[in-house]
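Colleague: Below is a structure I'd like to ask you about.
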Amino acid sequence: MSEPPLLEVTDLDVDFATDHGWERVVNHVSFTVDRGETLGLVGESGSGKSVTCMALTALIPMPPGRVAGGSVRLEGRELIGMPAAELEQVRGAEVANIFQEPMTSLNPAFTVGEQIAEMVRRHKGLSRRAARGRAVEMLDRVGIPNASRRAEEYPHQFSGGMRQRVMIAMAVSCEPKLLIADEPTTALDVTIQAQVLDLLRDMQAELGMSVVFITHDLGVVAHSCDHVVVLYGGRVMEEAPIDELYFRPAHPYTEGLLTAMPQIGPRAGRLASIPGSTPVPSSLPAGCVFNPRCPYVVERCREGEIPLVEVGPGHRSRCVRVSELNLVGTS
Ligand SMILES: Nc1ncnc2c1ncn2[C@@H]1O[C@H](COP(=O)(O)OP(=O)(O)OP(=O)(O)O)[C@@H](O)[C@H]1O
Ligand SMILES: [Mg+2]
């Protein structure tokens with residue numbers, strides 16, 4: 001029997017309670033992540049990227065949220081419904097998260113060295129002294145100068161970019177198999193952003209981790225990912241290997257995102273955007289959820305559930321017109 005993929009997400013459904021009952025914000029989302037692979041999860045604000053990833057290790061606040069269905073398997077082990085104590089071991093040691101805002105993970109009341117040491121003590125069973133050494137080593141590896149001195153400092157004593165490095169150090173300190181990075185560079189300026197992306201790539205190569213990289217920036221995806229899942233209205237609209245997505249997009253929504261990307265070269269400076277705005281879960285249209293904003297919409301796009309269909313190897317699209325459209329990618 002072949003080995004299961006590192007992560008296999010199947011038909012994941014997530015709801016939030018509202019005044020009008022349960023609202024589905026993640027709808028039958030499926031994807032897999034292989035060992036050493038980087039999967040990009042892209043889509044505009046509100047498309048369900050963060051909720052999908054939080055659901056993987058039960059980080060959704062319940063209530064108001066609930067995982068209403070589906071399966072999340074890590075090396076074949078089901079994480080949905082796993083007892084809390086067991087899940088606590090998975091989190092950090094096997095699957096680590098980094099967030100856009102480092103203070104989500106860092107505690108202002110402890111030095112950064114203490115926090116990383118505590119993490120490796122808990123998950124790797126190192127002695128206090130060894131854990132402390134490991135913390136300094138990790139801070140050094142993510143490029144914090146004078147790591148042994150800086151380990152004694154508190155999060156607020158670091159700049160934004162350095163704090164993001166500290167969070168990366170903490171996340172990879174236990175050598176997780178999977179790192180989930182939710183917009184880790186969005187709050188940083190462009191130069192620092194590039195440095196943090198390079199750092200993540202280096203750490204990944206060194207540790208052989210898989211990464212799920214969440215972003216609304218297709219430029220960042222091009223830099224970092226092997227495979228991309230495009231979310232919209234809580235659904236997978238397209239899934240493709242990176243080159244396929246850029247050169248042969250198979251969904252009008254992806255084409256729109258690519259067109260909205262800042263261009264380098266002759267078209268530089270012309271920043272387009274997709275007309276209209278992202279739907280709210282309470283008022284999703286019938287048929288294709290993207291149809292009110294789609295330039296290619298026809299009557300049958302407004303009816304029924306649109307299936308995700310295979311359009312090439314590892315390439316799937318949720319568009320009924322995909323075979324008749326000649327969508328434009330980047331060149
Ligand atoms: N705690 C919550 N309670 C109610 N609804 C929520 C909650 N968290 C998220 N949602 C809803 O779930 C949907 C998906 O949100 P999510 O945060 O996953 O979007 P996102 O793709 O990560 O967007 P962004 O790019 O802005 O981070 C949104 O409609 C959001 O309003
Ligand atoms: Mg988000």
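Colleague: I'd like the Karplus ³J(HN,Hα) series for the range 322-331: coefficients 6.51, -1.76, 1.60, θ = phi - 60°, whole numbers in Hz, and an x wherever there's a Gly or Pro.
Modeller: So the Karplus estimates, Gly and Pro as x, are 3, 6, 9, 8, 10, 6, 9, x, 8, 10 Hz.
Colleague: Hey, what D do you get for the chain in µm²/s if you plug the Kirkwood alpha-carbon radius into Stokes-Einstein at 25 °C and 0.890 mPa s?
Modeller: Value of D from the Cα-based Kirkwood radius: 117 µm²/s.
Colleague: Could you rank the peptides 254-261, 209-216, 301-308 by their average count of other C-beta atoms within 10 Å per residue, with the highest value first?
Modeller: Result, highest mean Cβ count within 10 Å first: 209-216, 254-261, 301-308.
Colleague: What is the sum of charges around PRO249, taking Lys and Arg as +1, Asp and Glu as -1, for the other residues whose C-beta is under 9 Å from the C-beta of PRO249?
Modeller: Within the 9 Å Cβ shell, the charges total -2.
Colleague: For the range 44-116, run through the GluC sites (Glu not before Pro) and keep only the ones in DSSP coil with at most 16 other Cβ atoms within 10 Å of their Cβ.
Modeller: Answer by residue number: GLU75.
Colleague: Expressed in nm to one decimal, what extension gain is obtained for the pair VAL190 and ASP243 from 0.36 nm per residue of sequence separation less their Cα-Cα distance?
Modeller: Stretched out fully, the VAL190 to ASP243 stretch lengthens by 16.7 nm.
Colleague: Pick out, in residue order, every one of the trypsin sites (Lys or Arg not before Pro) in the range 188-291 that is DSSP loop and has at most 10 other C-beta atoms within 10 Å; say none if there are none.
Modeller: Those that pass, being in a loop and sparsely packed, are ARG270.
Colleague: While we're here: With a point put 7 Å past each Cα toward its Cβ, work out how far ALA85 is from VAL298 in nm, to one decimal.
Modeller: Between ALA85 and VAL298, the label points sit 6.0 nm apart.
Colleague: Which whole-number percent gives the relative contact order of the chain, counting Cα pairs below 8 Å spaced six or more residues apart?
Modeller: The normalised contact order for the chain reaches 19 percent.
Colleague: Need the C-alpha centroid separation for the range 1-33 versus the range 301-316, integer Å.
Modeller: 17 Å
Colleague: Roughly what would the spin-label model give for SER71 and GLU175, points 7 Å off Cα along C-beta, in nm?
Modeller: Between SER71 and GLU175, the simple spin-label model gives 3.0 nm.
Colleague: So, one more: About its Cα centre, what dipole magnitude does the range 7-232 give when the only charges are +1 on Lys and Arg Cβ and -1 on Asp and Glu Cβ, stated in debye to the nearest 20?
Modeller: Here the size comes out at about 900 debye.
Colleague: Return the long-range amide H neighbours of ILE180 (sequence gap of 5 or more, or a different chain), with a cut-off of under 5 Å between placed amide H atoms.
Modeller: Under 5 Å from the amide H of ILE180 lie the amide H atoms of ALA96, ASN97, ILE98, VAL212, each far enough along the sequence or on another chain.
Colleague: Let me ask something additional. Less than 12 Å Cβ to Cβ from VAL320, Lys/Arg counted +1 and Asp/Glu -1: what total charge do the surrounding residues give?
Modeller: That works out to 0.
FYI, it's all coordinate maths here, none of it is from the lab. Nothing here was measured: the structure is a model prediction, and the numbers come from that model. Neighbour counts run over all protein chains shown; Cβ positions are idealised from the backbone, glycine included.
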